[in-house]
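**Student:** Dropping a structure here in structure tokens format, bear with me for questions.
Just so you know, all these numbers are worked out from the coordinates, no wet-lab data involved. Predicted, not measured: the structure shown is a model, and the values here were computed from it. Cβ placement follows ideal geometry from the backbone for every residue including glycine, while neighbour counts extend to all protein chains displayed.
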Amino acid sequence: MWVWFAKLGSPKWFYEISGRWLPWMSGAMVLSIGFATVWALLFLPPDYQQGYTSRILVVHVAVAGTSLAFFPLMAVAGAITLVWKMKLADMVAKNAAPIGAWFSFLTLATGSLWGSVTWGTWWEWSDSRLVSMLFQFFLMIGVISLRSALDDNDQSARACALLAILGCINVVVIKYSVEWWNTLHQPASAVTIGGGDVNGPEFWVVTLLMILGVYLFMGISLILSTRNEILEREKNAVWVQEIANDS
Amino acid sequence: MLELKKLSCERNDRVLFENLSLLVESGDVVQISGSNGSGKTSLLRVICGLNDYFTGGVFWKGEMRDSDVEAFRNDLLFLGHRVGLSKLLSPIENLKWSTGRKIDWSEKDLLQALSRNGLQGFEYQPCFLLSAGQQQRAALSKLYLSNEPMWILDEPFNALDSEAIGMLENLIMQHARRGGIVLVTTHHKLKIPSLRTVDLS
Amino acid sequence: MLSTIQFSSFSDFIDMGGYAFNVWAVYGLFAIFLVANLWLPLKKRKSIIRNLKRARKGQLQDQ
Amino acid sequence: MSALDLDRRNLAGAVSITRAFRITLERDLMLAFRRKGDFVNPFVFFVIVVSLFPLAVSPESVFLSRIAPGVIWITALLAAMLSLDSMYRADFEDGSLETLLLSPHPLYFLVLAKNCAHWLVSGLPVVLISPFLAIMLSYPSDQLIILLISLLLGTPFLTLVGSIAVALTVGLGSRGLILAVIVLPMCVPILVFGTLAVNAGLTGLPVEGYLALMGAMLVAAFSLAPLASAAALRISVA
């Protein structure tokens, strides 16, 4: 098992494997996102309560679901960096943070755009999902700023790994503390976001397709930036020179 | 006593030193020399355990250093570039707190160690009033009270006048004679008889 | 599976049942987000490869 | 050289953990009193900022008493955060942090000692003065005890969790606001429950549940945070 695990750790192996997977993944991504968007915008029946805004929900649910996966990803990559001191895990974690911050921001933006219609307010403090996503965004900014502040690479790898693990725990704690906080200030928030039963099965098929597309997109953008990181960090390796020559 | 097996240290894709092996028996004084940035300080910090960006083995008294870290740290005295002297405290307070975590010295012992180091009359003044040389002497006075077999000294001779240098040199010799080990990095020409040198550059 | 197209005319499609701003803002942001996070890394990759080539050419000259 | 018998290998005075804890605590308290600024500044900051609110918001008492819990809690949080920096910065710069890391005793207790010293110096004064400031904000005097307890449970949590962030950033030269960006999101849970407990007290609801939760958070931080701080210190000093 360790041979496989050590092999996984070598940037060269990752570069080759991701090179082979990239075309297939991007093809699948373009298909699924394109298909889901066309389907959602054109063919989705209007929902009796939200009207056409259920189209926003398709994107929002997909992006929100994916952005929730970022902190656990960074925490696991951080744990691997701390325990096995694997450079590749640090590279992945380093590139996951900006993308994660973008994802959190997009979730907040689409959520409030949707909320402005159905809840009538752009921001709802009593909804624990919104508030925990907001603080996930802040924690990601914290990890990114720590990463850029520490110029010593190896040290910033470990420091950010530790902060990512703490941040991951913290997001969960914040989510529940806001939920309990919720009970005092406003007994129940008006509408639950999962309007699934209201929109009928077709809505969920489109959303699932969109979720698949967005997850593929997350994988692709992470792979692309990690490959750049590998080229930069291993620039004096022989195999990198070969790539430079023949590309 | 101390053995390094194929030690190599790479920091931020820069190899500081590679498969360095060294065996230090009790009574040895080893001077680690090399140009600036050749990894002297990193080698010392790797040995004492502050820096763990290294591959290879560090063995203390025959077994892995990490198998019993407490015992290793009990036997180690480390004096870094920054000598661990708080400017706000007086020499005696600094000495009390830097040695106090290992041995509970009495006031008399502390005063005696300071006076041996030429700090009579300055024992109770805050260190920012002292000169750089005096501050270095105040930090070095914990060597008088040290019973750790291994000393790791990083550039201990900075800002010392000739008299203090002589004092430190025979202190090191005296420690070696008692069966201790001293690893020291310095650009100063050490007048110590059985001196072994390791050149990193 | 695919029910009929919901909108009779293109202007209805743009109007989105009165919620034009919200829906198009979301899909606009989404599109920008997708393009940015795919195009920027590729652009960066080109510049890295160019630097590698320039560095390599530099090495060849002074050998 | 003979006067001082150097061969004391088997000296019995080896130092136990509790004594090492006490020594580190004493040293930090001594340093704090030598460097008055460290515990006077956060305290003065707390008093000034709280007394700014009535001027900025509105002087009439009904409104003030409603916002008083939030004002006092957030200002206590900011005051604690401002004073965090003095915990490791001086030791890092003069090298005594390295001797701390190389001491044979488990780093957990030494870090705990430093956290306790820091809380005694900068957390406790804030807690002790808060009732008087609450009265200034026309806070009902029978509820002061709830505010006091919530701050007593909350400020140690801020110190323990803040110590992790300051340990991570101790190596930075110009630290700037990065400490705030890392610490504040981590203090949200205790802030939420601190103000919850105090507000519940004001509106006559039962308070024990929230204080119990704060106690649980404090115990969790007390046992886990120093481990994370120790790991962070080893990373920053390596």
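**Student:** Give me the lysines in straight-line cross-link reach of B:LYS87: C-alpha distance below 20 Å, same-chain residues under 8 apart excluded.
**Tutor:** B:LYS96, B:LYS142, D:LYS36, D:LYS114
**Student:** Further, regarding this structure: Checking the a/c ratio against 1.5 first, then a/b against b/c, what shape does the Cα gyration tensor give for the protein assembly as shown?
**Tutor:** It is oblate, given that a/c is not under 1.5 and a/b is not larger than b/c.
**Student:** So, by mean Cβ neighbours within 10 angstrom, what's the order for D:222-232, D:147-157 with the highest one leading?
**Tutor:** So the order, starting with the most tightly packed, is D:147-157, D:222-232.
**Student:** Okay, next question. What average count of beta carbons from other chains do you get within 10 Å of the Cβ of residues in C:20-32?
**Tutor:** If you average over the peptide's residues, the count of other-chain Cβ atoms is 6.
**Student:** A further question on this structure: Rg and Dmax of chain B over Cα atoms: what are they, in angstrom?
**Tutor:** 17.0, 50
**Student:** Say the cut-off is 23 Å between C-alpha atoms; which of B:LYS108/B:LYS191; A:LYS85/C:LYS43; A:LYS235/C:LYS43; A:LYS235/C:LYS44 go over it?
**Tutor:** Pairs exceeding the cut-off: B:LYS108/B:LYS191; A:LYS85/C:LYS43.
**Student:** Could I ask something else about it? Got the relative contact order for chain A handy, in percent, Cα pairs under 8 Å and 6 or more residues apart?
**Tutor:** Relative contact order for chain A comes out at 32 percent.
**Student:** Just rank B:ASP28, D:ASP142, fewest to most, by other beta-carbon atoms within 10 angstrom.
**Tutor:** Fewest to most other Cβ atoms nearby, the residues stand as D:ASP142, B:ASP28.
**Student:** Can you give me the C-alpha center-to-center distance between segment B:105-127 and segment D:183-209, rounded to a whole angstrom?
**Tutor:** So the two Cα centres are separated by 52 Å.
**Student:** Another question, then. Just want the ordering: D:ILE182, A:ILE220, B:ILE152, from fewest to most Cβ atoms lying within 10 Å of their own Cβ.
**Tutor:** Going from sparsest to densest Cβ surroundings: A:ILE220, B:ILE152, D:ILE182.
**Student:** Further question on the same structure: Quick check on chain A: take the gyration tensor over C-alpha atoms, sort the square-rooted eigenvalues as a ≥ b ≥ c, and tell me if it's rounded (a/c under 1.5), prolate or oblate.
**Tutor:** It comes out oblate by the Cα gyration axes.
**Student:** Shielding of B:9-20 by partners, i.e. mean partner chain Cβ atoms within 10 Å per residue?
**Tutor:** Mean inter-chain Cβ contacts per residue within 10 Å come to 2.
**Student:** Here's another thing I want to ask about it. From the gyration tensor of the Cα coordinates in chain D, what semi-axes in whole Å does the equivalent ellipsoid have, largest first, with each one equal to sqrt(5λ)?
**Tutor:** Values for chain D, descending: 38, 18, 16 Å.
**Student:** While we're looking at this one, here's another question. Would you mind ranking A:TRP125, B:TRP60, D:TRP73 by Cβ crowding within 10 Å, fewest neighbours first?
**Tutor:** In increasing order of surrounding Cβ atoms, one gets A:TRP125, B:TRP60, D:TRP73.
**Student:** Another question, then. Helix B:132-144: angle to the longest alpha-carbon principal axis of chain B, degrees 0 to 90, nearest 10?
**Tutor:** Tilt of helix B:132-144: around 70 degrees.
**Student:** Hey, what number do you get for the protein assembly as shown at 222 nm if only DSSP H runs of n ≥ 4 count, each worth -39500 (n - 2.57), divided across all residues, to the nearest 500?
**Tutor:** It comes out at -22000 deg cm²/dmol, rounded to the nearest 500.
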